[in-house]
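The values are calculated or read from the model by the stated rules, or taken from the named source; none is laboratory data. This one's a predicted model, so the numbers in the text were calculated from it and none came from an experiment. All Cβ positions, even for glycine, are placed from backbone atoms using ideal geometry, and neighbour counts span all protein chains on display.
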Amino acid sequence: MLYSDKVMDHFANPRNVGEIEDADGIGEVGNAKCGDIMKMYIKVDGGVITDVKFKTFGCGAAVATSSIATEMIKGKTIDDALKVTNKAVVEALEGLPPQKLHCSVLAEQAMKSALSDYYRRQGIDPVPIVGEIGDCEDCH
């Protein structure tokens with residue numbers, strides 16, 4: 001299985017690892033069956049994501065997709081962050097092997113879950129839709 005240099009860099013040197021104690025939104029997605037679990041924390045000020053951190057339990061691709069996803073939404077407005085798709089995550093990493101594409105889906109869902117939690121805490125509608133995680137047969 002070949003990974004791009006970008007994937008290897010984000011796996012070896014993940015950005016924004018950790019947690020935010022007083023986070024404005026927390027999203028956790030994953031599947032214990034496949035072993036990839038992502039937790040994302042966001043801080044929001046004036047509709048802009050001022051800080052984002054993650055904790056991921058999973059394979060190298062799961063760590064890399066979490067890392068780049070945090071970079072893609074940090075400093076962005078909530079509206080712009082909601083437009084970040086798993087496809088954009090894969091493109092930013094210069095590709096993923098087919099059997100690891102589910103990791104990019106998890107990263108998108110973790111972001112949207114954190115944003116959804118932020119909306120819930122603010123009492124704001126509409127709540128962004130967070131999809132269900134699909135079949136994990138091809139995970140590891």
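Restricting to segment 32-47, count the residues that are within 16 Å of GLY58 (Cα to Cα), in contact (Cβ under 8 Å) with a residue 60 or more places away in the chain and crowded, with 17+ Cβ neighbours inside 10 Å.
Qualifying residue count, segment 32-47: 5.
Does GLY75 satisfy the criteria of being of a type in the set (Gly, Ala, Ser) and modelled with pLDDT of 95 or more?
yes
Answer yes or no: is there a residue in segment 38-58 that is modelled with pLDDT of 95 or more, in contact with a Leu (Cβ under 6 Å, 6 or more places away or on another chain) and either part of a strand (DSSP E or B) or over 20 Å from ASN13 (Cα atoms) (or both).
yes
Assigned to a helix (DSSP H, G or I), at pLDDT below 95 and crowded, with 21+ Cβ neighbours inside 10 Å, is that true of HIS102?
Against the criterion (assigned to a helix (DSSP H, G or I), at pLDDT below 95 and crowded, with 21+ Cβ neighbours inside 10 Å), HIS102 qualifies.
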